[in-house]
Amino acid sequence: MGDLVIRAAVADDVPAIVGMLADDPLGAQRESPDDLAPYLAALERLSADPNQRLVVAVRDGRVVGTLQLTIIPGLSRRGATRAIVEGVRIHAEERGSGLGTELIDWAIEEARVQGCQLVQLTSDKTRADAHRFYERLGFTASHTGFKLQL
């Protein structure tokens, strides 16, 4: 395994990111790798927002992982700032290599650097392997999440 670099995502990374987003049963239903325009527009919005970090993990010049870290200032918890981890994906060939742990560790450290008191994430109820992974890293399934499709 070559050296791993975690860096901000750029437009050239979008095809690889979308490929990873689409590479599972849930993602295959909601992602469109054949039309990158909405993803490129989203990357522009993310890049312009100082509270967003869309990163890629690169090994040997190849994008092998990604996640989005969102920093949210708030009033609850005595004015705590929290971080949300979203869109965690690891390339199929890298799963089980420890890359997911490195990416989440990066996100936790970045949240600390940004003054966050809490890191939270959601994971689809059907992703049992992901749930075990996050629990192994110290996350607890302490809440029930709700979504409203618009």
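The set of residues in region 77-93 that are farther than 13 Å from ALA111 by Cα, in contact with a strand residue (DSSP E or B) (Cβ under 9 Å, 6 or more places away or on another chain) and not acidic (Asp, Glu) comprises ARG77, GLY79, GLY87, VAL88, ARG89, ILE90, HIS91. Among the residues of region 111-120, the ones that are open to solvent by less than 80 Å² (accessible area, probe 1.4 Å) and either in a helix (DSSP H, G or I) or without any contact (Cβ under 8 Å) to a residue 12 or more places away in the chain (or both) come to 1 in all. Only one of the listed residues (ARG77, ARG53) is open to solvent by 40 Å² or more (accessible area, probe 1.4 Å) and over 26 Å from GLY19 (Cβ atoms). That residue is ARG77.
Looking at region 1-110, the helices (runs of 4 or more DSSP H) lying wholly inside it that each contain 3 or more residues that are within 20 Å of ARG132 (Cα to Cα) sit at 25-30. Going by the structure shown, is ASP60 over 16 Å from MET20 (Cα atoms), at pLDDT below 95 and open to solvent by 30 Å² or more (accessible area, probe 1.4 Å)? Taking the combined requirement at face value, the residue satisfies it.
The values are calculated or read from the model by the stated rules, or taken from the named source; none is laboratory data. What you see is a predicted model, and the numbers here were worked out from it, not measured in a lab. Every residue, glycine among them, receives a Cβ derived from its backbone with ideal geometry; neighbour counts consider all protein chains shown. Each accessible area value is taken on the protein alone, full model and side chains, heavy atoms only, with ligands, DNA and RNA left out. Shrake-Rupley method; radii C 1.70, N 1.55, O 1.52, S 1.80 Å.
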